[in-house]
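Engineer: Below is a structure I'd like to ask you about.
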Amino acid sequence: MVGLQVDQIAQELTRGQLPIPEKMTAVVLDAYTGVEALRVEQRPVPKPGKDEVLVKMAASPINPSDLAVLEGHYGFKLTPPIVPGGEGSGMVVAVGPGMIGRYFLGKRVACLNQGKGDGMWAEYVVTSAKGGVLPLNKAISLEQGAMSFVNPLTASTFLEIAQKCGHKAIVLTAAASSLGQMVNRLFRSAGLQVINIVRRDAQVEFLKEQGASVVLNSSKANFEEQLRDLCHQHDSHLAFDAVAGKMTGQLLTALPEHSKVIIYSALSREAVEASPSQIIFEDKAIDGFWLGPYISKKNLLQILRMWRRAQRLMLTELKSTIRAEIPLQEAKQAVKDYLDHMTGGKILLKPSYS
Ligand SMILES: NC(=O)c1ccc[n+]([C@@H]2O[C@H](COP(=O)([O-])OP(=O)(O)OC[C@H]3O[C@@H](n4cnc5c(N)ncnc54)[C@H](OP(=O)(O)O)[C@@H]3O)[C@@H](O)[C@H]2O)c1
């Protein structure tokens with residue numbers, strides 16, 4: 001159990017029984033040209049500054065946003081070489097000056113890359129004590145905890161958005177994703193209908209086995225007609241779209257008047273195709289969603305409340321399936337494997353502690 005090993009070593013580091021090493025293994029991206037620009041190197045362990053913490057990493061997933069970072073298509077873009085990795089988990093083993101950092105010393109935390117420094121695919125990470133780390137619930141393993149931020153908080157936010165505007169049914173694309181599965185469980189528990197869209201028959205079966213009642217395959221000939229009928233039947237006026245390209249226009253066409261499509265990713269890598277007349281004459285709108293800026297508009301109390309609620313659901317509605325746990329040294333091959341096959345669980349990158 002790597003989790004236990006990290007716990008043990010981190011406790012000894014925190015108490016000063018073990019020195020913090022000078023060097024660490026890290027995955028480095030040399031240029032924004034995709035997976036081939038990844039390599040593994042030994043580099044100095046970073047030192048925390050004011051209100052910063054040093055985290056000994058336990059695990060970090062490969063997410064679609066990491067793929068976008070590798071290609072330079074993400075919302076932040078630091079000058080390479082950079083360490084990728086958007087989120088992860090570990091233990092705080094040292095802190096810089098400041099009260100907030102001291103609160104986290106010795107604690108198990110989930111970490112978020114806020115786009116101001118290196119990411120999580122490394123043995124050690126320095127991050128801000130103000131928003132870069134949050135404490136992990138005791139019941140959650142470091143492996144599951146490594147996926148606490150991005151998808152659980154996005155699924156929770158989608159429910160918040162839907163409920164705030166009184167929606168009873170939503171449409172969701174790329175619905176067999178980890179996030180899609182969370183959205184399905186969360187919305188079902190809250191009594192809201194999800195009209196799921198996937199692109200393969202196997203994904204239709206997969207979601208239905210998990211209890212989804214409405215799943216459409218976008219590659220079928222009658223997809224647009226079926227989608228339109230279902231949107232009207234369930235009076236659905238809101239869609240969350242991870243695909244973009246042609247899909248956004250198909251959603252806009254299928255939804256009734258006075259509807260909105262919220263684009264939260266661009267998996268198709270294509271520009272949005274949509275009819276202007278629907279936007280002008282049918283009061284249909286296209287909006288965007290990015291978790292970081294959405295959450296940063298909340299005050300600290302609201303963020304902590306949302307975090308605690310999400311942590312409570314991490315073993316049920318907001319649980320992620322782990323497909324494989326791979327050493328950091330093999331990150332390049334792991335990213336290639338993930339690119340080949342995204343549905344079916346997360347690949348976690350882990351430092352080796354033997
Ligand atoms: N905006 C935000 O703040 C935010 C936050 C969280 C997540 N997200 C987005 O949410 C999506 C799901 O994330 P995740 O971590 O849950 O992903 P995941 O578990 O890795 O799954 C990705 C899913 O996308 C499907 N997919 C890939 N390319 C596609 C395409 N061109 N058309 C249709 N489906 C496609 C895959 O199906 P195949 O197996 O068929 O490839 C797979 O089911 C991602 O796009 C991610 O960027 C956005």
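The values are calculated or read from the model by the stated rules, or taken from the named source; none is laboratory data. All of these numbers come straight from a predicted model, not from anything done at the bench. For neighbour counting, all protein chains shown are included, and Cβ atoms are generated from backbone atoms with ideal geometry for every residue, glycine included.
Engineer: Does any residue in the stretch 288-306 that is of a type in the set (Val, Ile, Thr) come within less than 9 Å, Cβ to Cβ, of a residue that is at pLDDT below 95 and within 14 Å of the ligand (Cβ to nearest atom) six or more places away or on a different chain, and which pairs are these?
Structural biologist: As it stands, the answer is Ile303/Ile295; Ile303/Ser296, since those pairs meet every condition given.
Engineer: Could you go through the stretch 34-53 and let me know if any residue there is surrounded by fewer than 22 Cβ atoms within 10 Å (Cβ to Cβ), within 23 Å of the chain's Cα centre (by Cα) and either at pLDDT below 95 or within 16 Å of the ligand (Cβ to nearest atom) (or both).
Structural biologist: Among the residues of the stretch 34-53, at least one is surrounded by fewer than 22 Cβ atoms within 10 Å (Cβ to Cβ), within 23 Å of the chain's Cα centre (by Cα) and either at pLDDT below 95 or within 16 Å of the ligand (Cβ to nearest atom) (or both), which makes the answer yes.
Engineer: Please tell me if Ser213 is among the hydroxyl-bearing types (Ser, Thr, Tyr) and within 12 Å of the ligand (Cβ to nearest atom).
Structural biologist: no
Engineer: Moving to a separate point now. Take Gln181 and decide whether it is out of contact with any helix residue (DSSP H, G or I) (no Cβ under 7 Å at 6 or more places or on another chain), surrounded by 23 or more Cβ atoms within 10 Å (Cβ to Cβ) and modelled with pLDDT of 95 or more.
Structural biologist: Yes; evaluated as a whole, the condition is true for this residue.
Yes/no per residue for (1) aromatic (Phe, Trp, Tyr); (2) at positive phi; (3) surrounded by 15 or more Cβ atoms within 10 Å (Cβ to Cβ):
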| residue | (1), (2), (3) |
| --- | --- |
| Ala244 | no, yes, yes |
| His258 | no, yes, no |
| Ala274 | no, no, yes |
| Ser296 | no, no, no |
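Engineer: Going by the structure shown, is Ser236 under 21 Å from the mean Cα position of the chain (by Cα) and touching a residue at least 40 places away in the same chain (Cβ under 8 Å)?
Structural biologist: No: the conditions fail for Ser236.
Engineer: Next question, about the same structure. Filter the stretch 187-200 for residues that are within 11 Å of the ligand (Cβ to nearest atom) and surrounded by fewer than 16 Cβ atoms within 10 Å (Cβ to Cβ) and give the result.
Structural biologist: Arg200
Engineer: Across the stretch 162-186, what is the total count of residues that are assigned to a loop (DSSP other than H, G, I, E, B) and within 14 Å of the ligand (Cβ to nearest atom)?
Structural biologist: 5
Engineer: Could you grab me the full set of residues in the stretch 244-264 that are within 10 Å of the ligand (Cβ to nearest atom) and touching a strand residue (DSSP E or B) at 6+ places or on another chain (Cβ under 8 Å)?
Structural biologist: Within the stretch 244-264, Ala244, Met247, Ile262, Ile263, Tyr264 qualify.
Engineer: Being assigned to a helix (DSSP H, G or I), modelled with pLDDT of 95 or more and not aromatic (Phe, Trp, Tyr): is that true of Thr157 here?
Structural biologist: So Thr157 fits the description; yes.
Engineer: A further question on this structure: Quick check: is even one residue across the stretch 123-138 within 16 Å of the ligand (Cβ to nearest atom) and under 19 Å from Glu325 (Cα atoms)?
Structural biologist: no
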